[in-house]
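Report on the following structure.
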């Protein structure tokens, strides 16, 4: 500040508030009345203020005096909230601004299919399916063209001698139907077979058969053996 010691002067430093036109977001005045000129350094600290609100700065002198080589430095500290931290990368979350454009660019720059572990693998699969669905079905068109070529070639080689011209298909069908029919049994039902009663001519003599004594002894021996075995268990 250059001035006469007996002169009066004030210096005001200010910045416009872009959010509120016509007002200042910062304003400070130094009183140089009846003082010698000189150099001053001042530091100001502010609470949180959006940096976009700090508009054009100015230094105004009222009275008799002149400002020489003013020097103003603005320092700021960026405050990163949760949303800003989450969206440091546009691909971090679908809700981040520019996510769709960044994802499209990422998928377009892939030289090969990503691995399933890739966080954007599902998006790549969906984009591939959408791209395939939009393409014309070239394979089906080629197959239809090949079938048309084969059919026309067959007609050219056969000329007028088609299958319908060479064989009467209606007659052949009637013959096949006749061959496939089950033989009729009318001839069997038309024969009259005489019936009657056929007497038995074989007679068996009545004879008494004696008991098998050896078998009876074996049965008795078996019964005694079972009785002996059962008695051993009953005693125990």
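The values are calculated or read from the model by the stated rules, or taken from the named source; none is laboratory data. Just so it is clear, the structure is predicted and the values come from calculations on it, not from any experiment. Note that each Cβ is placed from the backbone with ideal geometry, even for glycine, and that neighbours are counted across all protein chains shown.
Does residue 40 count as over 60 Å from the mean Cα position of the chain (by Cα) and at pLDDT below 90?
When the stated conditions are applied, residue 40 passes them.
Can you say whether residue 115 is closer than 30 Å to residue 57 by Cα and either in a helix (DSSP H, G or I) or at pLDDT below 70 (or both), as far as the supplied structure shows?
For residue 115, the condition - closer than 30 Å to residue 57 by Cα and either in a helix (DSSP H, G or I) or at pLDDT below 70 (or both) - is not met.
Tell me the strands (runs of 3 or more DSSP E) entirely within segment 1-107 that contain at least 1 residues that are exposed (fewer than 10 other Cβ atoms within 10 Å of the Cβ).
Answer list for segment 1-107: 54-63.
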